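Asks: The structure is given below, and queries will be raised subsequently.
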Amino acid sequence: MHRNYLSNLLHNYSPSDANEVVAKQRMLDFMLNNPDCFERTLSQGHFTASCWLVNKTMDLALLTHHAKLNIWLQLGGHCDGDSDIVAVALKEAQEESGLLNIKLVSEQIFDLDVHAIPANKREAEHLHYDVRFLMRVQDEAPLIISPESKDLRWFGKDVKALPTTELSILRMFNKWLSTTLSLPDPHIKEDDRETQIIGSKLNNYFDVRVTKL
């Protein structure tokens, strides 16, 4: 079921640049040819899930300084056999940030990337087929750095302040910058908020509809 769900998400996703066009097709082919594509034990590569995580007011984004790779990245990780790609992205975000009250902003894919992970003592070089979603923290709880991170830090909408020039990070950053979002009106009844549109545009990639933000 979840495999079909991801397949539908990929088919319905409109890539933003040539790199994403290639990544989308590689992911569809990879799913078709590898029944165990969500398993970390698949040595050639496997699906991972991550998110571009923004704060409650949507003017800050959270990045992690990955301990093993020693680079700044969005929050995410391995599926470890779980084909529910959205659930994996949410779980990884919670575990890596210590923030529990996180909601999915849109069920549609935010970004796609296929990249190589260098060899280490446990694994040979392999590929991560990373599916990213836009998520939002619902409160102002303190961050908790996990053993997988050297640091966690909120970054504002100033590209010069970013601690990385990695192309896919910059692509997500620019999508975020181009997003025009209106926060839910606190006077709207909770029942009516289920169908409230909080985004008028997401850089022309998709419309945003939320459930009980």
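The values are calculated or read from the model by the stated rules, or taken from the named source; none is laboratory data. Source: prediction; values computed, not measured. Here Cβ is always computed from backbone atoms with ideal geometry, including for glycine, and neighbour counts include all displayed protein chains. Accessible surface areas use protein heavy atoms only, side chains included; no ligands, DNA or RNA. Shrake-Rupley method; radii C 1.70, N 1.55, O 1.52, S 1.80 Å.
Asks: Using θ = phi - 60° and the Karplus relation 6.51 cos²θ - 1.76 cosθ + 1.60, list the HN-Hα couplings for region 105-118 in order, rounded to whole Hz, with x at every Gly or Pro.
Replies: 7, 9, 6, 7, 5, 8, 6, 10, 7, 10, 9, 8, 9, x
Asks: Considering only protein heavy atoms and a probe of 1.4 Å, how much of the accessible area of region 47-124 is carbon and sulfur, as a whole percent?
Replies: Of the solvent-accessible surface of region 47-124, carbon and sulfur hold 52 percent.
Asks: Compute, for Met172, the solvent-accessible surface of its heavy atoms (probe 1.4 Å) with the complete set of protein chains present, and express it in square angstrom to the nearest 10.
Replies: 0
Asks: Can you pick out the pairs among Lys68/Lys160; Lys121/Lys175; Lys121/Lys160; Lys56/Lys91; Lys24/Lys121 whose Cα atoms lie more than 26 Å from each other?
Replies: Where the Cα-Cα span goes over 26 Å, the pairs concerned are Lys121/Lys175; Lys121/Lys160; Lys24/Lys121.
Asks: Right, another one. Compute the separation of the alpha-carbon centres of region 120-164 and region 14-85 and state it in Å as a whole number.
Replies: Cα centroid of region 120-164 versus Cα centroid of region 14-85: 11 Å apart.
Asks: How large is ³J(HN,Hα), in whole Hz, for each residue of region 146-151 in order, when computed from phi with the Karplus curve 6.51 cos²θ - 1.76 cosθ + 1.60 and θ = phi - 60°, using x for Gly and Pro?
Replies: 7, x, 7, 10, 8, 6
Asks: Which three semi-axes in whole Å describe the equivalent ellipsoid of region 92-168, each the square root of 5 times a Cα gyration tensor eigenvalue, listed largest first?
Replies: Numbers: eigenvalues 112, 58, 49 Å².
In descending order the semi-axes read 24, 17, 16 Å.
Asks: List the equivalent ellipsoid semi-axes of region 40-79 in whole Å, largest first, each obtained as the square root of 5λ for an eigenvalue λ of the Cα gyration tensor.
Replies: 25, 13, 5
Asks: Follow-up. According to the Cα gyration tensor, what semi-axes, each the square root of 5 times an eigenvalue, does the equivalent ellipsoid of region 42-125 have, listed from largest to smallest in whole Å?
Replies: Semi-axes, largest first: 23, 15, 12 Å.
Asks: Using 0.36 nm times the number of residues separating Asn174 and Ser7, minus their current alpha carbon distance, what extension gain do you get? Display every interim value, and only then the final one.
Replies: Values: separation 167, 0.36 × 167 = 60.12 nm, distance 2.56 nm.
Fully extending the segment from Asn174 to Ser7 adds 57.6 nm.
Asks: Give me the dipole magnitude in Debye, nearest 20, for region 1-114 about the Cα centre, with unit charges on the beta carbon: positive for Lys and Arg, negative for Asp and Glu.
Replies: The dipole magnitude comes to about 60 debye.
Asks: Sorted by accessible area (1.4 Å probe), largest first, how do Trp176, Trp154 line up?
Replies: So, going from the largest accessible area down, we get Trp154, Trp176.
Asks: Taking 1 over the mean of 1/r across every pair of different Cα atoms in region 6-151, what Kirkwood radius in Å do you get?
Replies: Across region 6-151, the inverse of the average 1/r is 15.7 Å.
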